Each structure stands twice: as structure tokens, then as C-alpha cells.
Amino acid sequence: SWSCGRPCPDNPLAEDVLALVEGLGAVVVTSAGNAGDDVVFRSPESRSSVITVAALGFDDQLPYFSNRGWLTDVVAPGGGPNEPPNVRVARRNILSLLSSGAQSNYQTFAVGDEYVRISGTSMAAPHVTGAVALLQSLRPDLAPRDVRRLLRMSARDLGSEGHDAVYGAGLVDVPSLLEAELPDLELYIEE
């Protein structure tokens, strides 16, 4: 969950760090961002080597704040419903740990002394990170590109049929992900 606060298609520090960890074979999952913008204007979200996750509300709609676009891979629970920011609804519906350095505006949504209700693509990305970690624990031989392909192939399609600019491949579906098999690409290669 790291990005520029304003549109920045190039983020040299992020790109250097990603090149290093990707060279080590790591799968990188990133939040799409919360500007209601296209991820093509953001780095590292626009990199084809990362898994970019947008937020999905409980109403199966993208909340107004979630970045989106053709480079979005999947969506995951991140708070909602899709209401404009001036409408006061309980859209902060993802329970998270409350850090000691949290801003005072989080106190409004505190649950006891240790938790807070919050929303954002930073709440959605951990769902996908957990799914990827579970998949890799069962199939450690998968290359990062294969993890991404399986994630997209197994997602529950939302919106327009197939991959689209709003939901990407769709909602992350952990049971389907764990059962998914890569197609035999040799069948598609003509000799």
C-alpha cells in the first residue's frame, strides 16, 4: 500500500525496489489507490509485474474513492457502499488494527482500544496478499507471473463480461484460486 499522493506515472524509488524484489522471485501485491482515478497514472500500480487491487464495497460496487482501470487485476473487500464522500454512511466497514500513531480522525471509528473501522484499497490489498500467500504455501513452485494468471483466471467476474476497466478480472475468489490450474500453453502453439 504505497504510492504517490498525486498522479505520478513514474516513481523511480518504487521501481528500483520492485526490480530488486521481483528479481528475487517475490510476488508483489499493491493497492490501487484512493483517488477515484485510473491506475495508469500511478506507480507502482501501473507496472505489469505487480498485482494491483481495487476496493469493493459490500454492495459489489467500486466505492467512489477506489482507483480503477484496465491495469487493475482484481478487486477485494475494501469498504463501501458506493456513495459520494459528502454522504454520511458507515462505509468504513473493514476492521483493522489501530496503530499508536493513527491520526485523530481514526478515533471516530475506533472499536475499543485496539481496532478501527476503515476503508480503502489498502484494506483490499491484504485480502489478495493472504490469498496469494495461501496459494504459494500449497504450490511453492509457481512463478510470480503464474500466480497472477491464476488469480485473474479464478476471480468471480463482475460488471462487463471478462476483464474490464472497473473490476479488472473480478472479485478474488480463494476457493477457486486454490483449485485453479494453469492451461497447457503448448496446446496453443502451432508447430
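Note on region 13-58: residues that are polar (S, T, N, Q), in a loop (DSSP other than H, G, I, E, B) and within 14 Å of Trp70 (Cβ to Cβ) amount to 2.
Does any residue of region 149-158 turn out to be surrounded by fewer than 20 Cβ atoms within 10 Å (Cβ to Cβ), in contact (Cβ under 8 Å) with a residue 60 or more places away in the chain and closer than 18 Å to Ser49 by Cα?
Yes, that holds for at least one residue.
Filtered by the rule that a residue be surrounded by fewer than 21 Cβ atoms within 10 Å (Cβ to Cβ) and either modelled with pLDDT under 80 or in contact with a helix residue (DSSP H, G or I) (Cβ under 9 Å, 6 or more places away or on another chain) (or both), region 128-144 gives Gly130, Leu134, Gln136, Leu138, Arg139, Leu142, Pro144.
With respect to Asn34, determine if the residue is modelled with pLDDT under 95, within 13 Å of the chain's Cα centre (by Cα) and surrounded by 19 or more Cβ atoms within 10 Å (Cβ to Cβ). Step through it out loud before you land on a result.
On the way: modelled with pLDDT under 95: yes; within 13 Å of the chain's Cα centre (by Cα): yes; surrounded by 19 or more Cβ atoms within 10 Å (Cβ to Cβ): yes.
So Asn34 passes the test.
Among the listed residues Gly69, Gly5, Gly23, which satisfies the condition of being of a type outside the set (A, V, I, L, M, F, W, C) and at pLDDT below 90?
The conditions single out Gly5.
Restricting to region 159-172, name every residue that is open to solvent by 20 Å² or more (accessible area, probe 1.4 Å), of a type in the set (A, V, I, L, M) and in a loop (DSSP other than H, G, I, E, B). Within region 159-172, Ala165, Val166, Val172 qualify.
For every residue, the table says whether it meets (1) within 20 Å of Ala155 (Cα to Cα); (2) open to solvent by less than 40 Å² (accessible area, probe 1.4 Å); (3) of a type in the set (Val, Ile, Thr).
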| position | (1), (2), (3) |
| --- | --- |
| Leu24 | no, no, no |
| Val28 | yes, yes, yes |
| Val40 | no, no, yes |
| Pro44 | no, yes, no |
| Val50 | yes, yes, yes |
| Leu56 | yes, yes, no |
| Asp59 | yes, no, no |
| Phe65 | no, yes, no |
| Arg68 | yes, no, no |
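Among the residues of region 74-122, those that are basic (Lys, Arg) and either open to solvent by less than 50 Å² (accessible area, probe 1.4 Å) or modelled with pLDDT of 60 or more (or both) comprise Arg91, Arg92, Arg117.
The values are calculated or read from the model by the stated rules, or taken from the named source; none is laboratory data. The structure displayed is predicted, hence computed values, not measured ones. We place every Cβ from the backbone using ideal geometry, glycine too, and count neighbours over all the protein chains shown. In case anyone asks, the SASA skips ligands and DNA or RNA and just uses the protein heavy atoms, side chains included. Shrake-Rupley method; radii C 1.70, N 1.55, O 1.52, S 1.80 Å.
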